[in-house]
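S.K.: Encoded as structure tokens, here's the structure I'll be asking about.
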Amino acid sequence: MLMVDMKIWTGRVDAAEGEAAKRWHQAVQAMPENGAPGIAIIGFACDEGVRRNQGRVGAAAGPQALRKALANLAWHPTLPLYDAGDVACADGDLAAAQQRLGERVAQVIAAGHLPLVLGGGHETAYGHWLGLSAAHPDKRIGVINFDAHFDLRQADEATSGTPFAQIAADCARHGRVFRYLCLGVAETANTQALFDTARALNAEWRLDTDMNGWQLADIRGQLAEFLDSVDAVYLTIDLDVLPAAQMPAVSAPAGYGVDIAVVEALTSRIAKSGKLAGADLVEFNPAFDIDSHGAKAAARLAWSLSRHLRR
């Protein structure tokens, strides 16, 4: 059994209203050896990739801050909720930390649970992918990334800007087809070289300017086609996809961004598809939050995913 510190899970108790008045802190358990299939929260306390990518460090504190934000939310029973602890990167060895995250992800999947990873920088994605690909070797896994950035950079070392280039290379090594859909791409934040790389990898994307509420039907159509083309989905939400007013607490706040209502509607559709193999929320940096605005937005997205999940 994993040793998990559950003291972070505290909040309001409405005892007078009975069992139906629970909040997340009353529903979550440390992950047991043999628990019913549920949602397993894993923290990736790492921002080494952000540091290497010349970003604002602090996302290593994200997992604990997001647990605090989730703790007091109303619990509407769906799947059992477990805390599988944190994987940390305290020594600067990002590759080793990503490998440990992959092993933890594969472990919770083997136990019958769906991993919900709380980052950490977007270097979280490559570690998460390692676990998903090991757990589902025969499935065609599609990657759906809500992000202002492609994160397809070419670099001498792994960073928070390279995870999907690393996943593409991993797919090539193992004979997998790289299926990648990036929603919310900001032209201002991605060079022409990155667009060229995305085209060369046959990636799909949608610009932030084409992610408005009135375009939701068209976006859902594109999303449905992508879901139909894969056996399983890895969903990753880089919180810098949200407008800076909704999400100030990231390394690179968005000047335009995609409204949280649009992101929630689409991620809920993915959760309901029955194809979700793993999900994460990354880049939350509590050092730059304003009156917990960012923490509340991120917690809302995690809450919504769990609420609509089908296994």
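The values are calculated or read from the model by the stated rules, or taken from the named source; none is laboratory data. None of the values given here were measured: they were computed from a predicted structure. Don't worry about glycine lacking a Cβ; one is built from the backbone with ideal geometry, like all the others, and counts go over all protein chains shown. For the accessible areas, the whole protein counts, side chains as well, though only heavy atoms, and no ligand, DNA or RNA atoms are used. Shrake-Rupley method; radii C 1.70, N 1.55, O 1.52, S 1.80 Å.
S.K.: So, by mean Cβ neighbours within 10 angstrom, what's the order for 61-73, 40-52 with the highest one leading? Intermediate results must be reported in sequence, preceding the final value.
M.R.: On the way: 61-73: 21.6, 40-52: 26.8.
Highest mean packing first, the order is 40-52, 61-73.
S.K.: Still on this structure, please answer the following. Using Cα pairs under 8 angstrom and six or more residues apart, how large is the relative contact order of the chain, in percent?
M.R.: On the way: 670 pairs, mean separation 61.5, N = 311.
It comes to 20 percent, rounded to a whole number.
S.K.: Taking the 0 to 90 degree range and rounding to the nearest ten, how far is the long axis of helix 163-173 tilted relative to the main principal axis of the chain, both from C-alpha atoms?
M.R.: Roughly 70 degrees between the two axes.
S.K.: Right, another one. Go through SER229, SER304 and list them by solvent-accessible area, largest first, probe radius 1.4 Å.
M.R.: Working: SER229 35, SER304 0 Å².
Ranked list, largest accessible area first: SER229, SER304.
S.K.: Cα-Cα over 29 Å: which of LYS7/LYS296; LYS68/LYS139; LYS22/LYS139? Can you show the working numbers first?
M.R.: On the way: LYS7/LYS296 20 Å; LYS68/LYS139 35 Å; LYS22/LYS139 37 Å.
Those over the limit are LYS68/LYS139; LYS22/LYS139.
S.K.: Next question, about the same structure. Report, in debye and to the nearest 20, how large the dipole of the stretch 186-245 comes out about its Cα centre when Lys and Arg carry +1 and Asp and Glu carry -1 on their Cβ.
M.R.: Numbers: 3 positive and 11 negative charges, 8 e Å.
Magnitude of the dipole: close to 40 debye.
S.K.: Still on this structure, please answer the following. Can you tell me the relative contact order of the stretch 51-169? Whole percent, Cα pairs under 8 Å, sequence separation 6 or more. Could the numbers behind the result be given before it?
M.R.: On the way: 108 pairs, mean separation 34.0, N = 119.
Computed value for the stretch 51-169: 29 percent relative contact order.
S.K.: Something else now. Starting with the highest mean, order 207-213, 125-131, 296-302 by the number of other Cβ atoms within 10 Å, averaged over the residues of each peptide.
M.R.: Numbers: 207-213: 15.9, 125-131: 28.0, 296-302: 22.0.
Ranked by mean Cβ neighbours within 10 Å, highest first: 125-131, 296-302, 207-213.
S.K.: Using the charge dipole of the chain (Lys, Arg: +1 at Cβ; Asp, Glu: -1 at Cβ; taken about the Cα centre), state which of ALA261, GLN246, ALA20 has its Cα farthest towards the positive end.
M.R.: ALA20
S.K.: Can you give the helix-only mean residue ellipticity at 222 nm for the chain, where every DSSP H stretch with n ≥ 4 adds -39500 (n - 2.57) and the sum goes over all residues, rounded to the nearest 500 deg cm²/dmol?
M.R.: Details: 10 runs with 110 residues, N = 311.
It lands at -10500 deg cm²/dmol.
S.K.: Please list, in order along the stretch 253-265, the HN-Hα scalar couplings obtained from phi with the Karplus expression 6.51 cos²θ - 1.76 cosθ + 1.60 (θ = phi - 60°), rounded to whole Hz, x for Gly and Pro.
M.R.: Residue by residue, the stretch 253-265 yields x, 8, x, 10, x, 10, 4, 4, 5, 5, 4, 5, 4 Hz.
S.K.: How big is the charge dipole of the stretch 3-128 about its Cα centre, in debye rounded to the nearest 20, if each Lys and Arg gets +1 on its Cβ and each Asp and Glu gets -1 on its Cβ? Can you show the working numbers first?
M.R.: Values: 11 positive and 13 negative charges, 62 e Å.
Dipole of the stretch 3-128, to the nearest 20 debye: 300 debye.
S.K.: Using only Cα atoms, find the angle between the long axis of helix 124-135 and the longest principal axis of the chain, and express it within 0 to 90 degrees, rounded to the nearest 10.
M.R.: Value to nearest ten degrees: 80.
S.K.: Whole number in Å², please: accessible area per residue of the chain, 1.4 Å probe, ligands, DNA and RNA not counted. All intermediate terms of the calculation are to be shown ahead of the outcome.
M.R.: On the way: 12720 Å² over 311 residues.
Per residue, the chain has an accessible area of 41 Å².
S.K.: Tell me the relative contact order for the stretch 75-234 as a rounded percent, counting alpha carbon contacts under 8 Å between residues six or more apart.
M.R.: Details: 197 pairs, mean separation 35.0, N = 160.
The normalised contact order for the stretch 75-234 reaches 22 percent.
S.K.: So, one more: Taking every Cα atom in the stretch 113-248, find the radius of gyration and the maximum pairwise distance Dmax, and write them in Å.
M.R.: 14.5, 42
S.K.: What is the dipole size for the chain, taken about its Cα centre, with +1 at each Lys and Arg Cβ and -1 at each Asp and Glu Cβ, in debye to the nearest 20? Could you put the intermediate results ahead of the total?
M.R.: Working: 28 positive and 36 negative charges, 150 e Å.
Dipole of the chain, to the nearest 20 debye: 720 debye.
S.K.: Can you give me the Cα centroid spacing of the stretch 32-104 and the stretch 105-158 in angstrom?
M.R.: Measuring centre to centre over Cα atoms gives 12 Å.
S.K.: With the Cα gyration tensor of the stretch 64-146 in hand, convert its eigenvalues to equivalent ellipsoid semi-axes via √(5λ) and list them largest first in whole Å. Could the numbers behind the result be given before it?
M.R.: Working: eigenvalues 95, 67, 30 Å².
Equivalent ellipsoid of the stretch 64-146: 22, 18, 12 Å, largest first.
S.K.: So what does log10 I(q)/I(0) come out to for the stretch 44-189 at q = 0.15, 0.22 Å⁻¹, using the Debye formula with one equal point on every Cα and no solvent?
M.R.: The Debye formula, applied to the Cα set alone, gives -0.81, -1.52.
S.K.: Once both axes come from the Cα atoms, what is the angle between helix 293-308 and the longest principal axis of the chain, in degrees from 0 to 90, rounded to 10?
M.R.: Tilt of helix 293-308: around 80 degrees.
S.K.: On to the next question. Long-range amide H contacts for LEU81: which residues qualify at under 5 Å (H placed 1.01 Å from N, peptide plane, sequence gap of 5 or more or a different chain)?
M.R.: Amide H neighbours of LEU81: GLN29, ILE39.
S.K.: Using the Cα centre of the stretch 147-272 as origin and beta-carbon charges of +1 (Lys, Arg) and -1 (Asp, Glu), tell me which of THR159, TYR234, HIS174 is placed farthest towards the positive end of the dipole.
M.R.: The one lying farthest along the dipole's positive direction is HIS174.
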